[in-house]
Amino acid sequence: MATPMTPDQWIKALREEGVTDIVEMPGWRTNNRNHKGPFSSVHATMIHHTAGEGSGLPSLVFNGTGDLPGPLCHDYLARSGRLYLVGNGRANHAGTVAANAYDAVLNEREVHPAPDAAEPLDGNAVSYGLECENNGDADRTWPAVQYDIAVRVQAARCRFHGWSANSVWAHKEATRRKPVDPRLPMNQFRDDVAERLAHPASWNPTTEEDNDMPLSPTDIAAVADATVTKLLAGGGALENTDLDRIWSRDVIPAARAPYANSDVATNPTWSPAYSLQTAVEGIRQVLAVVTRIETAVAALGNGVDTAAVVTAVQAAIAQAVIDVDVNITSTPGS
């Protein structure tokens, strides 16, 4: 069990964890329900979804309703990734919780069991609460920036108190009253929190693609040389794996770059997944061209000017790679 963080400690921990888009709602430092019960010894940090979306949610979670007074959480995370500091102290977010569910977070167990029907414990007394803007529909996505900040927020709580990621729980894991709150795969979410905790708070994850350099003309020539060698040696058509270097080093980051930080990033038509699929199709077109070249070379028979064939094939492959790059990296609507 641990003493709850002070407002200054919380802001410091957030900024160290890389959370910079923060709104301190007026009065949040003293916004609590401490007069209704204790909030002096905590060992859990819960994640929720709001089951609704809109600009009025920060005010709602701060003030609450006539039936459920605020604060309704400690922090509210908008879909944009902006974090609102809502309350400090006891908050009306968890309600009663199952003993077996709290035992899992208290003892930082890897397995979080389905909650028992009985709910004898006061979850508001022992757990922080993070509300995330999401309507809860089965097909409603979580923007990457929102998910990333949610991971950072929960990691900041855990890091400060020296907890593992298994101190993170979902409302749906604490009570049967909230069976889909939130619609997140919690084991994966805890894995992502654990990954952050394995690094310094300042850590910013990068993908392998982010660190790769684009293909140079020399790279393209090298691939062309290898292709020609394989073709003339009778090795058969190139497989998809033969172009992994082009794929990982050039096409993926180039396809993602034009709209990774724009509104169209959440549009399925221009999502990274769609771009990946488009790029795959481009590579398959290149492979089809190579197969046709292989067939043509085989049909030439003996006595062919090998040097001329090599030159022609190198030029064809280099141009094909360039064409794929141009088609894949063009911006939406161009």
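The values are calculated or read from the model by the stated rules, or taken from the named source; none is laboratory data. Predicted model only: the values in this text are computed from it and were never measured. So basically every Cβ, Gly included, is an ideal-geometry build from the backbone, and we count neighbours across all protein chains shown. Keep in mind that these areas ignore ligands, DNA and RNA; they rest on the heavy atoms of the full protein, side chains included. Shrake-Rupley method; radii C 1.70, N 1.55, O 1.52, S 1.80 Å.
If you go through the stretch 62-111 and pick out every residue that is open to solvent by 10 Å² or more (accessible area, probe 1.4 Å), in a helix (DSSP H, G or I) and touching a residue at least 60 places away in the same chain (Cβ under 8 Å), you end up with 2.
Can you tell me how many residues in the stretch 112-168 are among the hydrophobic types (A, V, I, L, M, F, W, C), part of a helix (DSSP H, G or I) and closer than 22 Å to residue 11 by Cα?
11
Quick check, is residue 156 at pLDDT 95 or above, surrounded by fewer than 23 Cβ atoms within 10 Å (Cβ to Cβ) and over 15 Å from the mean Cα position of the chain (by Cα)?
On the way: at pLDDT 95 or above: yes; surrounded by fewer than 23 Cβ atoms within 10 Å (Cβ to Cβ): no; over 15 Å from the mean Cα position of the chain (by Cα): yes.
Criteria not met by residue 156.
Restricting the stretch 1-48 to residues that are of a type in the set (A, V, I, L, M), at pLDDT 95 or above and part of a loop (DSSP other than H, G, I, E, B), the residue that is surrounded by the fewest Cβ atoms within 10 Å (Cβ to Cβ) is 25.
Restricted to the stretch 172-185, and to residues there that are open to solvent by 10 Å² or more (accessible area, probe 1.4 Å) and assigned to a helix (DSSP H, G or I), the residue that is farthest from residue 137 (Cα to Cα) is 173. Evaluation of residue 59 against the conditions (1) open to solvent by 40 Å² or more (accessible area, probe 1.4 Å); (2) modelled with pLDDT of 95 or more; (3) among the small types (Gly, Ala, Ser); (4) in a loop (DSSP other than H, G, I, E, B) shows that the sole unmet condition is (4). When restricted to residues that are farther than 19 Å from residue 95 by Cβ, aliphatic (A, V, I, L, M) and open to solvent by less than 20 Å² (accessible area, probe 1.4 Å), the stretch 126-153 contains 4.
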